[in-house]
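Q: Before I ask anything, let me first share the structure, which is written out below as structure tokens.
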Amino acid sequence: MKTVISAQVATKPSVRADDLPEHETPWQEFVRIYQKDRLALAGFFVLLALLVIAVAGKALTEWWVLFDPEVVRLPDKFFPPLSSPSPDIAASDRPLGGLYLFGTDELGRDVFARMFQGSFVSLSVGFVAVGISLLVGIVLGGFAGYYGQVKLGVMTVDTLIMRFTDAMMCFPTFFLILTAVALLPPSIYTIMFIIGLTSWMGTTRFVRAEFLALREQDYVTAAKALGLPEARIIFRHMVPNALAPVFVSATIGVATAILTESALSFLGFGVPPPYATWGNILSDGKGFIFDAPWLFFIPGLAIFIVVLAFNLVGEGLREALNPKLRRR
Amino acid sequence: MTESPHSLVEVTGLQKYFPVRSGLFSRVSAWVKAVDDVTFHLKQGETLGLVGESGCGKTTVGRSILRLMEPTAGQVRFEGKDILALGPKELRQTRRRMQIIFQDPYSSLNPRMTIGSIVSEPLKIHKIAKGKALQEQVDQLLMKVGLRPEHQSRYPHEFSGGQRQRVGIARALALNPKFIVCDEAVSALDVSIAAQILNLLRDLQKEFHLSYLFITHDLNVVQYLADRIAVMYLGKFAEVATAEDLFNTPKHPYTQALLSANPVPDPMAKSERIVLPGDVPSPLHPPSGCRFHPRCPKVMDHCKTVDPPLIQIGPPENGHQVWCHLYS
């Protein structure tokens with residue numbers, strides 16, 4: 001039988017470069033698959049535009065005040081979108097371009113300037129809150145997944161962390177946020193922290209599940225066998241492979257955080273004045289829904305578009321990071 | 001025999017029991033006796049084939065020796081050092097000299113690392129080489145295993161199964177080990193690729209004077225590569241002999257049955273097929289006495305109660321050992 005096997009292998013093989021598929025890094029592959037989804041691509045461009053708008057909004061309403069959201073012009077209240085200011089407004093109080101692009105509210109403030117300022121607040125609340133929830137989620141989930149079997153007194157680390165996660169999930173989050181906001185000093189940072197600290201549970205479960213699966217992968221075993229330090233195994237071999245589903249849920253998490261902030265502002269518990277946020281513009285406008293519908297619809301539409309864009313991008317990421325679509 | 005001074009690896013009384021937990025407080029309700037009292041040794045430059053059915057504990061033996069799993073009991077000596085008594089630091093140093101090659105070339109390479117960084121990682125971490133010297137060593141390793149140095153910037157998914165297995169071998173060789181556990185290293189490859197890899201392993205063995213523990217369920221493969229073969233059944237060794245002795249004069253009824261089931265590429269060959277009744281019993285409740293007795297065609301009364309002792313067949317220097325009452 002020995003002769004049979006050796007007869008099959010006449011020559012020592014060597015791999016030629018041309019029998020491999022075209023070279024493609026994981027990033028190129030990701031871009032190629034993501035581009036196929038037109039809606040996700042559209043969502044991505046909307047978000048890119050929004051990012052520019054938000055940063056510009058911060059800069060142009062607070063640092064170089066081209067659009068002042070705080071100027072009160074009582075004679076000009078409830079002007080509809082695209083109307084010009086009345087002649088008796090002082091030149092310094094006129095909006096840029098001499099036009100109320102989105103109309104004015106009940107105090108004659110420029111809604112466009114307020115929306116512009118609010119875009120930064122809404123987006124930063126979304127990103128910071130999700131950043132906090134990712135941090136908590138990855139650390140707790142990573143611990144539960146990697147060191148889960150370590151005993152701590154009567155229970156394992158895994159039991160401790162996951163039962164705490166379950167307990168946190170049992171709270172009706174929105175009421176928990178309302179209570180916390182009512183007790184803490186009102187500020188934009190409080191809102192960010194509270195939203196972040198009440199939304200990490202999903203991430204924790206994701207990361208734990210990924211870590212449990214990855215720990216059994218042969219390349220992690222190989223890394224152990226090579227005597228690599230534990231930190232390197234975790235951060236070089238496990239974390240990068242565990243993050244794909246986390247990013248997907250984070251994108252959708254940003255949308256949820258923006259919605260939560262809007263809802264809080266709508267109820268009057270949100271970011272306190274003088275900051276304009278989409279939620280409190282909406283809230284202020286609800287009293288005039290028949291007289292000045294733009295006060296209600298413009299922020300509503302903005303929230304809708306942003307949340308939709310985040311969801312589309314999330315869906316697109318899910319598809320593009322799905323290993324089954326990879327070229328093997 | 002186990003005290004042989006030339007042995008590179010000496011395993012004595014190795015046991016690995018997995019707890020089965022059940023109930024509200026996860027109490028241990030039973031033990032899966034995956035490996036039960038296994039003793040063998042391996043000389044420098046020698047290949048020991050470890051064969052047996054799925055689930056008989058072959059992989060557990062391999063991983064326990066490298067301490068990728070903590071054995072329940074027993075002793076493993078590598079170059080005279082007791083592996084199981086090493087602290088984390090010494091263990092990392094010792095692991096440079098003992099490596100593992102995995103069955104599945106798809107899960108044994110980190111999908112987010114290039115081939116170059118996979119092979120160079122152990123060299124960098126153990127500070128063996130850096131800069132230009134590192135690059136040269138990686139080039140050489142890749143050429144040794146029949147790949148081209150210019151493939152370094154590519155990712156694992158761009159390679160075929162056989163090519164990936166070569167990368168896995170290059171990674172295992174990087175630290176210049178003395179002993180490699182090949183855990184079903186060719187089982188996932190098709191026959192012609194498997195033959196190429198086997199030849200590669202044999203060439204490397206000659207060049208670097210390596211010792212292999214070659215775990216497989218394929219008798220043709222061990223016959224081609226192994227100097228000695230150990231047959232395992234349900235967590236225990238049934239027979240150990242040189243490849244020649246084992247194939248020509250198998251003693252244990254289980255070995256005889258295995259060999260009779262092995263296809264022979266000769267249509268004229270007459271072979272008497274020994275068909276074993278029943279299935280492999282669960283390692284949760286292994287049979288009393290000889291573990292093979294419920295399926296053994298030559299079962300005797302005391303096989304059912306008395307664990308068979310080790311019996312030397314022929315002169316001790318032949319090292320033909322069998323655990324069977326038939327020969328006592």
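The values are calculated or read from the model by the stated rules, or taken from the named source; none is laboratory data. Given the structure is predicted, the values throughout are model-derived calculations rather than measurements. Glycine also receives a Cβ, built like all others from the backbone with ideal geometry; neighbour counts cover every protein chain displayed. Just the protein is used for accessible areas: all its heavy atoms, side chains included, with ligands, DNA and RNA removed. Shrake-Rupley method; radii C 1.70, N 1.55, O 1.52, S 1.80 Å.
Q: Kindly provide the helix-only [θ] at 222 nm of chain B, computed as the sum of -39,500 (n - 2.57) over DSSP H runs of four or more divided by all residues, to the nearest 500 deg cm²/dmol?
A: Working: 9 runs with 94 residues, N = 328.
My calculation for chain B gives -8500 deg cm²/dmol from helical runs alone.
Q: Starting at the first residue of the range A:48-54, write each ³J(HN,Hα) from the Karplus equation 6.51 cos²θ - 1.76 cosθ + 1.60 with θ = phi - 60°, in whole Hz, x for Gly and Pro.
A: 4, 4, 4, 4, 4, 4, 5
Q: In the range A:222-313, if the dipole is taken from +1 on Lys/Arg beta carbons and -1 on Asp/Glu beta carbons about the Cα centre, which of A:PHE290, A:VAL271, A:LEU228 is farthest to the positive end?
A: So the residue furthest toward the plus end is A:LEU228.
Q: Roughly how many debye, to the nearest 20, is the charge dipole of the range A:140-252 about its Cα centre, given +1 on each Lys and Arg Cβ, -1 on each Asp and Glu Cβ, and no other charges? Show your work: numbers first, answer last.
A: On the way: 8 positive and 6 negative charges, 28 e Å.
Dipole about the Cα centre, nearest 20: 140 debye.
Q: Further, regarding this structure: Provide the solvent-accessible area of B:THR12, counting protein heavy atoms only and rolling a 1.4 Å probe, rounded to the nearest 10 Å².
A: Approximately 50 Å² for this residue.
Q: Mind listing the phi-derived Karplus ³J(HN,Hα) values for the range B:131-139, rounded to whole Hz, using 6.51, -1.76 and 1.60 with θ = phi - 60°, and x for any glycine or proline?
A: Per residue, the Karplus-derived 3J(HN,Hα) values read x, 5, 4, 4, 4, 5, 5, 5, 4 Hz.
Q: Residues with amide H under 5 Å of A:GLY227's amide H, sequence separation 5 or more or different chain, H placed in the peptide plane at 1.01 Å from N; which?
A: Result for A:GLY227 returns nothing.
Q: With the other protein chains left in place, how much accessible area per residue, in square angstrom, belongs to the protein assembly as shown at a 1.4 angstrom probe? All intermediate terms of the calculation are to be shown ahead of the outcome.
A: Working: 30730 Å² over 656 residues.
Value for the protein assembly as shown: 47 Å² per residue.
Q: Sticking with this one: Could you point to the residue in B:GLN256, B:LEU284, B:LEU225 farthest towards the positive end of the range B:194-328's charge dipole, with +1 and -1 charges on the Cβ of Lys/Arg and Asp/Glu respectively?
A: B:LEU284
Q: Let me ask something else about it. Check B:TRP31: other-chain or 5+ apart residues with amide H under 5 Å from its amide H, H built from backbone geometry?
A: Under 5 Å from the amide H of B:TRP31 lie the amide H atoms of B:VAL20, each far enough along the sequence or on another chain.
Q: In addition: Compute the accessible area of each residue in the range A:201-231 twice, once for its chain alone and once with every protein chain present, using a 1.4 Å probe on heavy atoms, and list those whose area falls by at least 50 Å².
A: A:ASP218, A:TYR219, A:THR221, A:ALA225, A:LEU226, A:GLY227
Q: Separate question: Pull out a ≥ b ≥ c, the square roots of the eigenvalues of the alpha-carbon gyration tensor of the range B:205-278, then state rounded if a/c is under 1.5, prolate if not and a/b is larger than b/c, and oblate in the remaining case. If you can, show how the numbers build up before the last one.
A: Numbers: a/c = 2.26, a/b = 1.43, b/c = 1.58.
It is oblate, given that a/c is not under 1.5 and a/b is not larger than b/c.
Q: Still on this structure, please answer the following. Under a point spin-label approximation (7 Å from Cα along Cα-to-Cβ), what is the A:ASP291-B:VAL275 distance to one decimal in nm?
A: 9.5 nm
Q: Which far-off residues, 5 or more places away or on another chain, put their amide H under 5 Å from the one on A:PHE79, with H placed in the peptide plane?
A: Amide H to amide H, under 5 Å and 5 or more residues apart or across chains, A:PHE79 pairs with A:THR104.
Q: Determine the calculated [θ] at 222 nm for chain A from helices alone, applying -39500 (n - 2.57) to every DSSP H run no shorter than 4 residues and normalising by the residue count; nearest 500 deg cm²/dmol. Mind dumping the intermediate values first?
A: On the way: 12 runs with 196 residues, N = 328.
Helix-only estimate at 222 nm: -20000 deg cm²/dmol.
Q: What list of ³J(HN,Hα) values in whole Hz, one per residue of the range A:63-70 in order, does the Karplus curve 6.51 cos²θ - 1.76 cosθ + 1.60 (θ = phi - 60°) give from phi, with Gly and Pro shown as x?
A: Each residue of the range A:63-70 in turn: 8, 10, 6, 8, 10, 9, x, 9 Hz.
Q: Something else about it: Taking 2.2 N^0.38 Å as the expected size of a compact globular protein, what ratio does the Cα radius of gyration of the range B:194-328 give against it, to two decimals? Don't jump to the answer; show the numbers that get you there.
A: Working: Rg = 16.4 Å, N = 135, 2.2 N^0.38 = 14.2 Å.
The reported ratio for this selection is 1.16.
Q: While we're looking at this one, here's another question. Report, in whole Å, the centroid distance computed from the Cα atoms of the range B:89-129 and the range A:167-200.
A: 45 Å
Q: Checking buried surface per residue: for the range B:119-138, which residues lose a minimum of 40 Å² accessible area in the protein assembly relative to the chain alone (1.4 Å probe)?
A: B:GLU121, B:ILE125
Q: If you don't mind, another one. Suppose we keep just the DSSP beta bridges with both residues in the range B:1-144; what percent of those would be antiparallel, to 5? List each step's numbers first, then the result.
A: On the way: 19 of 19 bridges.
Percentage antiparallel, nearest 5: 100.
Q: Can you tell me which aspartates and glutamates have their Cα less than 15 Å from the Cα of B:LYS144? Leave out same-chain residues fewer than eight positions away.
A: B:GLU136, B:ASP203, B:GLU207
Q: Determine the shape class of the range B:267-328: with a ≥ b ≥ c the square roots of the Cα gyration tensor eigenvalues, call it rounded for a/c under 1.5, and otherwise prolate if a/b is greater than b/c, oblate otherwise. Could you put the intermediate results ahead of the total?
A: Numbers: a/c = 2.06, a/b = 1.04, b/c = 1.98.
Taking the square roots of the gyration eigenvalues as a ≥ b ≥ c, the range B:267-328 is oblate.
Q: Which of the residue pairs A:LYS151/B:LYS124; A:LYS224/B:LYS16; B:LYS89/B:LYS206 have a Cα-Cα distance greater than 28 Å in the structure shown?
A: Values: A:LYS151/B:LYS124 34 Å; A:LYS224/B:LYS16 19 Å; B:LYS89/B:LYS206 31 Å.
Distance filter (> 28 Å) returns A:LYS151/B:LYS124; B:LYS89/B:LYS206.
Q: Moving on. Tell me, what % of the accessible area of the protein assembly as shown is carbon and sulfur with a 1.4 angstrom probe?
A: Working: 18910 of 30730 Å².
Carbon and sulfur atoms account for 62 percent of the accessible area of the protein assembly as shown.
Q: If you don't mind, there's one more thing I want to ask. How much solvent-accessible surface does A:GLU62 expose, in Å² to the nearest 10, with a 1.4 Å probe and all protein chains in place?
A: 70 Å²
Q: Students often forget the sequence filter, so: which lysines lie under 26 Å Cα-Cα from A:LYS77 once same-chain residues fewer than 8 apart are removed?
A: A:LYS58, A:LYS286
Q: With solvent modelled as a 1.4 Å probe, how much accessible area in total do chains A and B shield from it at their shared surface, in Å² to the nearest 100?
A: Values: alone 18650 and 16170 Å², together 30730 Å².
Buried: approximately 4100 Å² between B and A.
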